[in-house]
Structure formats: structure tokens, C-alpha cells
Amino acid sequence: CSEAKSGKVWIDDIRLMRLGPNVPELIGPDPDTVRWSPAPIRGQVTVKDAHFADAEGKRIRLWGVNCVDEMGLDYAETRQIIRRIKRMGFNALRLHLYDVRLIDSEATNAQGEPTSRVFRKREFVGDGSRIDLFDHFIYWAEANGLYVYLTFDRLRVPFKPGDYDILPSAGAEDETAWKAAVAASNEKRANEHLYFVDERLGAVQAEYVRRHLDHYNPYTGRRVADDPFVAIYELSNENGFPTILLEGKFRQWPEYFQTVLQGRWNSWLRERYPTDAALREAWGALNQAEALGDGTVVFAPTGGEAKEYPAARLADVRRFVYDLTIGYSKKLETIIREAGTCSARAPVTYDTIFQHKHTWYYPMSQGTCQAVGTYVSGSLELDREKSWLGRVPTGIYNISNSTVDGKPIVVYENNILKPAAGRAYYPMLISTYASTHDWDAVFWYNWSNGTVTQQYDDEAYDLIGLRYSVPEHTWHGIVSATDEVLLSSLRLGGEIFKRFLIPPAPDPVVITIGRNDLLGPRTWIGDVSIPYPKDAPGPYVEAAAIGATDFEFTTRYRYDMAAEKSSVSAPLISHTPTVCEPVEGVRYDFERGLIEVDRPEVKAVVGFTDGEWSTPDGFSVSATDCPFFCWGLVSTDGLPLTQGSEALLTWGTYGENRGRVLREDPDSVKASVSRHAKLVAGWGYGPPDIARPALSIKLPRVAALDAVDFRWRPLASQTGDAIDLPEGQRLFVGRVKWQDEQTDP
């Protein structure tokens, strides 16, 4: 770093640290003699009464974070990452994009052709190989009591031409055509949809599921299928197969696979209709030259073709797509159920859904649980009127339509993209929203995404600074590991959600989607044939009415093919109230720009407080010259704060990297997820410049506070009925122990 090239670098700006040997570290017996096989504290997660349950049949909720590149980091970083995630209050991990750690992406078959059917091998435990690092990561997660959410998705190692030999050859011509089609589909990243249609690819994917479940982890001493820490299995990530067919996007497939689809369609029709005459009678007409006997009935209508064909034909197209989707998904689910002692009972989600289309929701609702996700963008400025909190909403995209009646609901991915000045509101919004809707799991995407290097100690997360969206990779903007502001709210929201401290809404509105919409031309959940208030705001009045009803009362969806028509249990309302209180003690105040929780076990607020917030029963917080903050006090012993012995305190404000550079005209860039990356010209550097005002907390009881900052360094303890912090104090999270005599419950 010479002065001429890089500017001055002073020696006191550099900190040297001695790292231990980069080898696995084990908790428990020597794995060469006795395998260390802990059990989760609450046992395996199963489903009971439409919700996640523990080994005793009691409700359990998961508040997790997604990990991707973390599973390829070295052994020492793994230990630090897992410890840090645990400290942040998460109790689960969703492991994503890890197929490359199991499948040997460079493997070839006996003929020298690339194949995806070969699993990686290790030379010895602790050899630093991809598969060993992956197993060690899972081991450390389990050693720290974290549940894991696994996927059979194939986003990094697609199917390959050498996979053909999974089934006997159908002849040289077919083999050549199939291999060429697989190679072509890889270029378009399309083959994740094809195993629903092509028998050979279906067999390859089924083999992968079996081998994944049979994989033995030498650190835990268990096969995946026998691991009680696996809380959820996911067949695919954002596959969307039914929408690919129904919207006509399959026409981008190689011709070979379009022909396979045509064959499957005609075979399905022949099972349903014995003759062309019977088919013609059912539909009212056939196109010229269409015949079941020679398999020439075209797979149509799809996309915008509904008006060109009889309604009965469209209904059969949809039935076929649902049967194909559900049928293959159930085949994979059966493999999971038969694989092991724990996989036999674990929840299984068929796909993860990012668009609120009932043609996607309905077939996926046939799994054990429903997985949905969303991302939002935020305002660059800390301005009430520009913030989400300062405007009456018409719902949250995809989230407002996600509660399927009778199914555990899982948020598989979710976050707010940076830059977002008031981002601390979002975890609290999702926590309160998920609680009032009685959901079962929320996972935040993601931890570090390969952008946080040298994760060896707690200082690294503060020093490196915030990660922002960039044109090359929008998702850098949802890295959570270095975001003190976001993590303080996540810690608070997680405790509220995991501990069931907010009850579900007492009278949800149930929307039943019947055959007329499941088999008709409509696609979007908000565009079903139910009564809508005429005065709902445009341009999409249906979505506005559903969103408003959802905020005020919450909504539930039922998919009922036996019901002739869609219906609603109560009239929809047209506008979200300015102040919304779906359950007692939870308020969305869009006029003041606040989310408030004032319940016996929780006192919490996030938003434009103007520096002050209080409750009638003697809790208050005051911050000097701090218009926006996120503060909370949560009982950790199950008793009301006025009666219990312990509580968690969190505190967060706002702030960005030092030296961050915005575009000259950010208002010219629409702040959507797809364009959000264009808002920042330069990330700047850390540690972030976080607002740290003088803080005063008044309590109705005497308490002792032990707290830490974001680097997990202890702060000076305080005791009294007031907690006072000077300006610049870096309180992040603390433990409150009540010191006065306990009130009789």
C-alpha cells in the first residue's frame, strides 16, 4: 500500500490476530470412536393441527436465516458464523444453492460425457473438501441447537447429457436428441422444470433425492434422512412449473421436450376420454387434424389463448397441469417418507412461491406446508411521507395472499434491499404480521452472500460495513450479517414471533377459490370471481381490497375443487384504516408512521417516534435528537413484564456506510427490486455511521441491565428503575433482570 498508489496507511490502522489451525473442532466424543449425535432440545419438527409441532406435540416456530456461500468457508469461519447467528436469536438455517457441494460438477460417465449423477467423495474427515466443509457446517449448526431447512433444488449443477443412462436407451436417435436437448436447456437454465415432464430427467432427480437423503455425515454420525434437526424438506426453489405451462413459456424449451409434453398431454387425454368422439363431445370441438389416436391434440390453450378455445378444453389443460405437478411432487415426497426414521415425519414443501397466482398456490398447497417469499425496497431518505410506514398500504406483495387455511406457512426468503434508510421497520412488520396470521416459520435471506470475508471474530461484522445492491448483483443489498440496524430489529421481532407473544387475529376472512377460478382463465389470486367493493383504490382494485381486508382482519385462502364457485366468508373492505389494530395491543399507525406493540409480555415500537414513546403502564423510552428508532423489551420467561424475572432489551436506530455515494438523481430511478441496484454509485466503507443518541429508559420496576454492543463487547452494568446511556453508547442487545419483589401472578 504505497503512499504514491493508495494513500497513507498507518500501522495503528492494522490489527494482527493469531488464528488457530484451520481444522474441524468437535464438541463431544472423538468421532473416530463415538459418533456425536445430539438431539434437538425440542425434538424433531412435525406437523400437528395444521402447525409445526415439537416432539411433545407443542407448537414451535422457526425464525431463521439463509446461508449460501457460508457452507464453503473454512472450518474456523464456520464456527464463528454459527455462533454469531445463534447470538442474533435465530433458531434455524435454510441452506440454499448447495447442490454443488454434494454433486461432483466435473464428473464424467464411462463414455467420458459430463454427468450430474456422481456425488463428491472425501479423502478423510477434515480434508477441506467441499463435501467435508458442508458436513462440518451442518454439524456446527446442530451443535448450537439450530434446525436446518434443506432443499433438493438443482440450481448450480444442472442435468447433463451423460445422465441419459439412468434408464435403458430408447435408441440411438432418441439418445442423440435427448442429450442435445439437455445441453440446450442448460444454456437457458430451463431444465429445472423439465423433470416434471421427461421420464428420464424425472428419474435423475429422484435418484438425487434418494442419494441426498442417504448421505452420511461423519460429524453427526447420521444419514440426512435420520437427522431430527432437519425441520423442513423442500422439493424445489422457485420452480413455478405450473405457471411455465399455463402461461405458454414452455414454448422456449428445446423441441424435444415440447414433443415429450405433447405426448404426456395426449396420454392423459386418452385415459380420460376413450374416443375422439367423446373428447369432441366434452369440449364441443376439436381443431382440424387433431386426434387422440396419433397424439396430435395440441396442448392448448395456454397464455392468452383462452378466448380461442372452449372453456371445457381450458379446464382440462389446467387439470392436466395440476395432475402433472402434484403427481411428480408426491412421487418425490414418497421417496422422502420411505428414506428414513425422521424424513418419514418431517414437513415437506413442494415449491417456494414468489408470485401470488392461485395456479401456483393450489398445486403447491398439496404439500405438508406452504412456502412463500417476498422482497421490498425502501426509501433512501428518513422521511415519514416517503417511508412505507407513512403511507396507508394496499397490502404486501405476495405476503398478503399467502395464508393457506389448514397449512403451516413458511416464509422461505424475505428481506428489504439496501439502501433503505428506515429499514429497521421491516423485521418488526414481518414479525407482527406473521404472528397475527399465525404462521410457522420465517427465514431471512441472507447472512453474508460471499461479500463478508474473514469471519473470524465479532469485530469483522462491524468493521467491513454494509453491503448494498449493485447492478451486477441486486442481492448484495440483502446481506444481513453486517447490518446492525436490521439485526437489532430482527432480534426483537424474532423473540416476539418465536415466543408466541402476539395472538392470531380472532376473526379472519376466508376466501375460497372454487372450480370456476381454478379451472378458468383467471390466474392471479386477487383476480378471482368474488364480490369486490367498488370504491377500492386503483389501478388494481381487487388487490387493494384484499390487502386492506388482510391488514384489518387478516385473510385465509382455501382451494376447493369440489366448490363450484369462489366465495368469501365476509365482505371485503375497500381501504386500509389509517390506524390498524388486527389484535389487541398491535397497532399499525400510518398517520404517525409507527408499528407499536403494547402487550403484557412485549413493549416495542419502530418508526417515526420523534424521540419519545411510552405505554400507560409505566414503560417509556426517550432518545435525544433521534426521530426514528426501534426499541423493544420482551419477556423471556413467559410472564408479563410486570411480573416476570427476565427480559430482553434491544435498541436500534439508522445509519449508512461512511463515504457512501448516491446517484446524482436518485428520484429518476424507480425504487423497485429490479432497479434498486442503480441507486448507489459507491458503497463506501465501515464501520457504518450509526445514530447513537443519548438514551433514557424508564421502567415501572427496578432492574439490572447487562448489555453488549454490536461487536459483542460488554457494556457497564446498570441497576435502577431507569436506564440512561450517554450519547455515543453502542448498546445493541441486553438482558434485563428484575430486582424488585415479584408481584403474585
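The values are calculated or read from the model by the stated rules, or taken from the named source; none is laboratory data. Keep in mind it's a predicted model, so treat the numbers as computed, not measured. All Cβ positions, glycine included, derive from the backbone under ideal geometry; neighbour counts span all protein chains shown. Side chains included, ligands, DNA and RNA excluded: accessible areas come from the protein's heavy atoms. Shrake-Rupley method; radii C 1.70, N 1.55, O 1.52, S 1.80 Å.
Considering only the range 557-639, give the strands (runs of 3 or more DSSP E) lying wholly within it that have at least 2 residues that are closer than 29 Å to Thr394 by Cα and of a type in the set (D, E, K, R). Show your work before the answer.
Details: elements: 579-583, 586-589, 594-599, 602-607, 612-614, 620-623, 629-635.
Counting at least 2 such residues, we get 586-589, 594-599.
Specify the residue that is farthest from Leu382 (Cα to Cα); the eligible residues are those in the range 594-647 that are of a type in the set (D, E, K, R) and open to solvent by 40 Å² or more (accessible area, probe 1.4 Å).
At the first step, the residues of the range 594-647 found to be of a type in the set (D, E, K, R) are 596, 598-599, 601, 603, 610, 612, 617, 625, 637, 646.
Still in the list and also open to solvent by 40 Å² or more (accessible area, probe 1.4 Å): 598-599, 610, 612, 617, 625, 637, 646.
Values: Asp598: 24, Arg599: 28, Asp610: 12, Glu612: 17, Asp617: 30, Asp625: 13, Asp637: 35, Glu646: 34 Å.
Across the range 594-647, the extreme among qualifying residues is Asp637.
Could you please let me know if Tyr273 is among the aromatic types (Phe, Trp, Tyr) and modelled with pLDDT of 95 or more?
Details: among the aromatic types (Phe, Trp, Tyr): yes; modelled with pLDDT of 95 or more: yes.
So Tyr273 fits the description; yes.
Got a sec? Which helices (runs of 4 or more DSSP H) wholly within the range 224-284 have at least 3 residues that are open to solvent by less than 20 Å² (accessible area, probe 1.4 Å)?
On the way: elements: 241-246, 255-272, 276-283.
Output list reads 241-246, 255-272.
If I filter the range 84-103 for residues that are under 30 Å from Pro504 (Cα atoms), polar (S, T, N, Q) and assigned to a strand (DSSP E or B), do I get at least one hit?
No - not one qualifying residue is present in the range 84-103.
On the basis of being free of Cβ contacts under 8 Å to residues at least 24 places away in the same chain, outside any loop (DSSP other than H, G, I, E, B) and either open to solvent by less than 40 Å² (accessible area, probe 1.4 Å) or not polar (S, T, N, Q) (or both), does Gly327 make the cut?
Numbers: free of Cβ contacts under 8 Å to residues at least 24 places away in the same chain: yes; outside any loop (DSSP other than H, G, I, E, B): yes; either open to solvent by less than 40 Å² (accessible area, probe 1.4 Å) or not polar (S, T, N, Q) (or both): yes.
Yes, satisfied.
Do you know which of the residues in the range 510-533 that are open to solvent by 20 Å² or more (accessible area, probe 1.4 Å) and among the charged types (D, E, K, R) is nearest to the chain's Cα centre (by Cα)?
Going through the qualifying residues, I end up with Asp527.
When the residues of the range 677-700 are narrowed to those that are farther than 19 Å from Leu492 by Cβ and without any contact (Cβ under 8 Å) to a residue 60 or more places away in the chain, which ends up most open to solvent (accessible area, probe 1.4 Å)?
Asp689
Listed residues Arg84, Arg79, Arg94, Arg59; which is surrounded by fewer than 16 Cβ atoms within 10 Å (Cβ to Cβ) and closer than 23 Å to Trp444 by Cα? It would help to see each step written out before you state the result.
Numbers: Arg84 fails: surrounded by fewer than 16 Cβ atoms within 10 Å (Cβ to Cβ); Arg79 fails: surrounded by fewer than 16 Cβ atoms within 10 Å (Cβ to Cβ); Arg94 fails: surrounded by fewer than 16 Cβ atoms within 10 Å (Cβ to Cβ).
Only one candidate qualifies: Arg59.
Consider Ile82 carefully, then state whether it is out of contact with any His (no Cβ under 6 Å at 6 or more places or on another chain) and closer than 26 Å to Val485 by Cβ. Reasoning before the result, please.
On the way: out of contact with any His (no Cβ under 6 Å at 6 or more places or on another chain): yes; closer than 26 Å to Val485 by Cβ: yes.
Considered against the rule, which asks whether it is out of contact with any His (no Cβ under 6 Å at 6 or more places or on another chain) and closer than 26 Å to Val485 by Cβ, Ile82 comes out as yes.
Just for the range 158-193: of the residues that are within 21 Å of Gln252 (Cα to Cα) and touching a strand residue (DSSP E or B) at 6+ places or on another chain (Cβ under 7 Å), which one is surrounded by the most Cβ atoms within 10 Å (Cβ to Cβ)?
Lys160
Can you tell which of Tyr309, Tyr375, Tyr362 is among the hydroxyl-bearing types (Ser, Thr, Tyr), more than 21 Å from the chain's Cα centre (by Cα) and open to solvent by 10 Å² or more (accessible area, probe 1.4 Å)?
Numbers: Tyr375 fails: more than 21 Å from the chain's Cα centre (by Cα); Tyr362 fails: more than 21 Å from the chain's Cα centre (by Cα).
Within the list Tyr309, Tyr375, Tyr362, the selection yields Tyr309.
Within the range 648-676, how many residues are among the basic types (Lys, Arg), modelled with pLDDT under 70 and surrounded by 12 or more Cβ atoms within 10 Å (Cβ to Cβ)? I'd like the intermediate steps shown before the answer.
To start, the set of residues in the range 648-676 that are among the basic types (Lys, Arg) comprises 658, 660, 663, 670, 675.
Next, from what is left, pick out any that are modelled with pLDDT under 70: 670, 675.
Next, from what is left, pick out any that are surrounded by 12 or more Cβ atoms within 10 Å (Cβ to Cβ): 675.
Of the residues in the range 648-676, 1 are among the basic types (Lys, Arg), modelled with pLDDT under 70 and surrounded by 12 or more Cβ atoms within 10 Å (Cβ to Cβ).
Within the range 429-469, which residues are under 26 Å from Arg711 (Cβ atoms), assigned to a loop (DSSP other than H, G, I, E, B) and open to solvent by 10 Å² or more (accessible area, probe 1.4 Å)?
Tyr445, Asn449, Gly450, Thr451, Thr453, Gln454, Tyr456, Asp457, Asp458, Ile464, Arg467
Hey, could you check the range 716-730 for residues that are within 21 Å of Ser645 (Cα to Cα) and hydrophobic (A, V, I, L, M, F, W, C) and say which is most open to solvent (accessible area, probe 1.4 Å)?
Taking the candidates together, the pick is Ala716.
Would you check if there is a residue in the range 354-370 being hydrophobic (A, V, I, L, M, F, W, C) and out of contact with any strand residue (DSSP E or B) (no Cβ under 9 Å at 6 or more places or on another chain)?
Of the range 354-370, the ones hydrophobic (A, V, I, L, M, F, W, C) are 354, 360, 364, 369.
Adding the requirement that they be out of contact with any strand residue (DSSP E or B) (no Cβ under 9 Å at 6 or more places or on another chain) leaves none.
Scanning the range 354-370 turns up no residue that is hydrophobic (A, V, I, L, M, F, W, C) and out of contact with any strand residue (DSSP E or B) (no Cβ under 9 Å at 6 or more places or on another chain).
On the basis of being out of contact with any helix residue (DSSP H, G or I) (no Cβ under 6 Å at 6 or more places or on another chain), open to solvent by less than 20 Å² (accessible area, probe 1.4 Å) and assigned to a loop (DSSP other than H, G, I, E, B), does Leu492 make the cut? Step through it out loud before you land on a result.
On the way: out of contact with any helix residue (DSSP H, G or I) (no Cβ under 6 Å at 6 or more places or on another chain): yes; open to solvent by less than 20 Å² (accessible area, probe 1.4 Å): yes; assigned to a loop (DSSP other than H, G, I, E, B): no.
No.
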